[in-house]
Structure formats: structure tokens, C-alpha cells
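Participant: Structure provided below as C-alpha cells; questions to follow.
The values are calculated or read from the model by the stated rules, or taken from the named source; none is laboratory data. Given the structure is predicted, the values throughout are model-derived calculations rather than measurements. When we count neighbours, we look across all protein chains shown, and the Cβ atoms used for this are built from the backbone with ideal geometry, even at glycine. Note: areas computed on protein heavy atoms with side chains; ligands, DNA, RNA excluded. Shrake-Rupley method; radii C 1.70, N 1.55, O 1.52, S 1.80 Å.
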Amino acid sequence: MATKKNTQLATIENNTGYLAETVNLAELFSEELDGLRPSFEKIKIPAGGGLAYEVPGDDPASPDSAKEFSAVILYHHPINSYYKEKFTGGNNPPDCSSLDGKLGVVSETGECRDCKTCPYAKFGSGENGGMACKQKRRMYLLREGEMLPIIMTLPTGSLAEFTKYVTRLVTKGMKANHVVTKFTLKRAQNSTGIAYSQVICAVDRPLSPEEKRNIAAMTEQVKLIAGKVSVVETETETVVE
């Protein structure tokens, strides 16, 4: 006779849709990651006009390459980061950062700044006429058959297209977490002729009523966690203590 634990495990392994049952993230983290710092895996957008995402796979040391993938956008919010010196990668925190795109916090002093009036958030303050403070959008995505969200951060050059996508959903009475979104890439150029990879979103399919209910519950949990996730761009985005 199958035990309750085995039955739950079978449900997870056989889950080929979007959340066949409601998942309690806090409970999952406390039980499986007790004493550890939980983190979310990350989908990377290529540089220089590349047309394939770097997507987490079964082997952490060897991520998959995908020209497209589908996922539910559980939650998305703006993040800003400013580096006095040009950011070249690594785990160094930004000199000033914002988890809501409205209030920035200077890492050295703890001083709070209004992002709307900050001189580093003005065009012309950065390289090639851009902004010194990079405005991006963090997305928490759930792929089919998985229980935990992964993170993808939209760069500045993809924000306009994403805004159009969300606007189209809203005009039809839907939200981003009501549908499965298909993500692709296209090659674009900025005003100075530098090529970059632009994220393109399209509706794959609407969620079923049951999926929508479970996704809504997951979204509320992710909103609570999102304010504790580091702005630093690393291999995995860590939940700050």
C-alpha cells in the first residue's frame, strides 16, 4: 500500500502541467533548505545579438541552449542598479540599487534616494548617451512540470517590447500569470549601432481554471520573497537573510 509521502512524490513526478497542486514555498524551503541560503536558478539572455537562451538543465555545470522556451510569468517587477565603475561581472554589489524601481539604497551609507529624480537615472549620464543606472525588470518564471520558479532579468533594451506584450494582455482582461508565455529572441541594434539580443514574448496558451488558481497562490508567495532576493547578477539569485 502506497504511503502518503510516496503518493505526493508520484504526483510531483507525474506533473506535466503547471502546478497540479498548491505548493508552499516557505514550507519547502524550511524543510529541504534548513540552515542553507535558498536561491533561484537563472535563465541567461545572450549578449551581442545571440539568438539562444542559456537555460538551466539537469546538469548544473552544463546548461541547455534554447532558441525558445515557455513558462508562466508568476510575477515581475523593476530593479535598478548603479555601479560607479563599469560592471564586468562577478558578485560585487552595486553602489546603489533598487528593488522596486522607485527607492534606491546606497550600499556604502544606507542613504535612500528617489529614483525618479536621481541624476544617474537620466539619459546622458551613462555610456553612449544612456543611463548610468541600469533599469531592468526581474521576472519569476515557472516552467511546465516544475515546482520552483526561476529568474530571468530583462535588460533595458527589452523593456519596450515587454511593455507592449503586457499591454496587449491587459486590453483582453488578462494578466501575465493567466497565460503560458513563449519566449524567443531577435537581434536588434541600439542608437549607436551596437547589436543586442531582444526578448520577444507571445501567448502560448491560456491557463486552465485549476492551473490559474494554483498559479495565483504561487504568485502571492513569490511577491513576499521577491523583496528579499539580491539585486546582484550571479549564477543563481540568492534570497537575502
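Participant: Which residue out of 119, 60 is without any contact (Cβ under 8 Å) to a residue 24 or more places away in the chain, in contact with a Ser or Thr (Cβ under 8 Å, 6 or more places away or on another chain), farther than 27 Å from residue 166 by Cβ and surrounded by fewer than 14 Cβ atoms within 10 Å (Cβ to Cβ)?
Facilitator: On the way: 60 fails: in contact with a Ser or Thr (Cβ under 8 Å, 6 or more places away or on another chain).
Checking each option against the conditions leaves just 119.
Participant: Another one. Select the strands (runs of 3 or more DSSP E) contained entirely in the range 128-217, then report the ones holding at least 3 residues which are in contact (Cβ under 8 Å) with a residue 40 or more places away in the chain and farther than 25 Å from residue 28 by Cα. Full working, then the answer.
Facilitator: Details: elements: 133-142, 150-154, 179-189, 195-206.
Correct list: 133-142, 179-189, 195-206.
Participant: Among (1) surrounded by 14 or more Cβ atoms within 10 Å (Cβ to Cβ); (2) among the polar types (S, T, N, Q); (3) at pLDDT below 95; (4) farther than 19 Å from residue 41 by Cα, there is one condition residue 153 misses while meeting the rest; what is its number?
Facilitator: Condition (4) is where residue 153 drops out.
Participant: For residues in the range 97-119 being hydrophobic (A, V, I, L, M, F, W, C), under 24 Å from the mean Cα position of the chain (by Cα) and outside any strand (DSSP E or B), which is farthest from residue 136 (Cα to Cα)?
Facilitator: The selected residue is 115.
Participant: Considering only the range 25-72, state which residues are at negative phi, part of a loop (DSSP other than H, G, I, E, B) and at pLDDT below 80. Outline the logic, then answer.
Facilitator: Residues of the range 25-72 that are at negative phi, as a first pass: 25-34, 36-47, 50-72.
Right, trim to part of a loop (DSSP other than H, G, I, E, B) and you get 33-34, 36-38, 41, 43, 45-47, 50-52, 56-63, 67-68.
Result: 33, 34, 36, 37, 38, 60, 61.
Participant: Have a look at 167, 181 and point out the one that is modelled with pLDDT of 95 or more, surrounded by 14 or more Cβ atoms within 10 Å (Cβ to Cβ), among the β-branched types (Val, Ile, Thr) and within 25 Å of residue 210 (Cα to Cα).
Facilitator: Values: 167 fails: surrounded by 14 or more Cβ atoms within 10 Å (Cβ to Cβ).
Checking each option against the conditions leaves just 181.
Participant: Taking the condition open to solvent by less than 50 Å² (accessible area, probe 1.4 Å), farther than 18 Å from residue 215 by Cβ and part of a strand (DSSP E or B), does residue 94 pass?
Facilitator: On the way: open to solvent by less than 50 Å² (accessible area, probe 1.4 Å): yes; farther than 18 Å from residue 215 by Cβ: yes; part of a strand (DSSP E or B): no.
Judged against the criteria, residue 94 is not a match.
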